[in-house]
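The values are calculated or read from the model by the stated rules, or taken from the named source; none is laboratory data. Quantities reported herein were computed from a predicted structural model and do not represent experimental measurements. Here Cβ is always computed from backbone atoms with ideal geometry, including for glycine, and neighbour counts include all displayed protein chains.
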Amino acid sequence: MISRKPPAQPQSAKLLMGQSVTPMAFVRGMARALSKAQLPLNAWLEKAQITPDQLDQPLATITAAQMEVASEWAMRALNDEALGWFERALPWGSYGMLARASMGANNLGIAMRRWSRHHGLLTSLVALHITPRPDALIDITITDLGVEPKLQEFCHVTLLRNMLGFASWAVDSRLSLHSASFAFTEPAHAAAYDVLFQCPVTFGASHTHMTLASNYLDLPLRRDELALNTMLQRALPLTVRHYRRDRLLVQQVQQLLGSDRPAPTADDLANQLNMSTRSLYRQLQEEGASWQQLKTQHAMTLARLALLTHNWPIKQVASHCGFANEKSFMRAFRQHTGHSPAAFRQRK
């Protein structure tokens, strides 16, 4: 049998694939910067497959691929990665330099604080701050000291997406936001923010900020210099698109373990995750966990459920939870819950 590849799609068709949710308002911000620099718009629009009519439509949207192409073309043409937001241009590679300055940290918290501190060397018009909260959350806040009002929305959104994209890449897992607030009035395209940030969003706040769980800051960086060099060859997707890995490995393992069956072996679990057992152990350790710890937590969940819903002998509960004998199960259960299995059952 002869297999035939489908004909390659033209680049213009590829740009139009996927969700069209990025507001055209951001593209108009680029157009304003290009026009101010007296650069022609036709070639730029054609490259991104945007028509002049679409550019003028208040509620028009484009795909992530179109946004990548439009952003890179405009940044290179202007030699300004800030696209006219600040008091001076940020030459191509400025945010790459910021990423390099943030690497080598022991954890994500140190890396993000470096990012915030060094961003102040690029411009004096905005300042980034990381502020702990008493509810196990942190705020990453933008203090705006003079960005032109017409450019404020595009600037603030991009600054937050830049930082979030780099942080997710550095730990190789998408960081979920708790909420996001913006220091400008609600735009006509506010519905797009549900996709751009995927969290509850408010407008008209005193400061622009995004909020996320503070325990993210303890995560170790999982990228090295070689990975950074590769990423910087095409870094814009980190800003434009959500990071591809939705969950940390710990969360993936917990989901695969389920809640109603004994844990598989580490080898079987690694096979399900398409990785080696050694990589499973190493990555869990990098996230501050271990296979044995997760396996024990899972066994205790099974045990509590069995004790509360079945009248099985303790020996049968131990076997159901994967323990070799009743004695080791009773010892582990007491260490984990502070009660013997029998005493725990009597509490129901």
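Tell me, yes or no, whether the range 182-193 has at least one residue that is surrounded by fewer than 18 Cβ atoms within 10 Å (Cβ to Cβ), in contact with a strand residue (DSSP E or B) (Cβ under 7 Å, 6 or more places away or on another chain) and either of a type in the set (S, T, N, Q) or free of Cβ contacts under 8 Å to residues at least 12 places away in the same chain (or both).
yes
Go through the range 204-222 and report how many residues are over 17 Å from the mean Cα position of the chain (by Cα) and either buried (at least 16 other Cβ atoms within 10 Å of the Cβ) or on the phi > 0 side of the Ramachandran plot (or both).
First, the residues of the range 204-222 that are over 17 Å from the mean Cα position of the chain (by Cα): 204-208.
Filter once more, so that each one left must be either buried (at least 16 other Cβ atoms within 10 Å of the Cβ) or on the phi > 0 side of the Ramachandran plot (or both): 204, 208.
Going through the range 204-222 one residue at a time, the tally reaches 2.
Tally the residues that are more than 19 Å from Val157 (Cα to Cα) and not aliphatic (A, V, I, L, M), restricting the search to the range 21-72. Write out each step before concluding.
If we filter the range 21-72 for residues that are more than 19 Å from Val157 (Cα to Cα), which is where we start, we get 34-57.
Okay, now just the ones that are also not aliphatic (A, V, I, L, M), so 35-36, 38, 40, 42, 44, 46-47, 49, 51-54, 56-57.
So the answer is 15.
Looking at the range 200-223, is at least one residue outside the structural domain of His336 (by TED's automatic domain parsing), part of a helix (DSSP H, G or I) and either among the hydroxyl-bearing types (Ser, Thr, Tyr) or within 30 Å of Ala318 (Cβ to Cβ) (or both)?
Looking through the range 200-223, at least one residue is outside the structural domain of His336 (by TED's automatic domain parsing), part of a helix (DSSP H, G or I) and either among the hydroxyl-bearing types (Ser, Thr, Tyr) or within 30 Å of Ala318 (Cβ to Cβ) (or both).
When you check Ala105 against the structure, is it surrounded by fewer than 19 Cβ atoms within 10 Å (Cβ to Cβ), free of Cβ contacts under 8 Å to residues at least 40 places away in the same chain and of a type outside the set (S, T, N, Q), yes or no? Spell out how you get there, then give the answer.
On the way: surrounded by fewer than 19 Cβ atoms within 10 Å (Cβ to Cβ): yes; free of Cβ contacts under 8 Å to residues at least 40 places away in the same chain: no; of a type outside the set (S, T, N, Q): yes.
No; evaluated as a whole, the condition is false for this residue.
Could you please find all residues in the range 228-242 being of a type in the set (S, T, N, Q), in a helix (DSSP H, G or I) and out of contact with any helix residue (DSSP H, G or I) (no Cβ under 6 Å at 6 or more places or on another chain)? I'd like the intermediate steps shown before the answer.
Just the residues of the range 228-242 that are of a type in the set (S, T, N, Q), to begin with: 229-230, 233, 239.
In the following step, the residues that additionally are in a helix (DSSP H, G or I) were identified as 229-230, 239.
Answer for the range 228-242, where residues must be of a type in the set (S, T, N, Q), in a helix (DSSP H, G or I) and out of contact with any helix residue (DSSP H, G or I) (no Cβ under 6 Å at 6 or more places or on another chain): Asn229, Thr230.
Yes or no, residue by residue, for (1) within 26 Å of Phe344 (Cβ to Cβ); (2) at pLDDT 85 or above:
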site	(1), (2)
Arg261	yes, no
Arg278	no, yes
Gln292	yes, yes
Lys295	yes, yes
Thr301	yes, yes
Ala318	yes, yes
Cys321	yes, yes
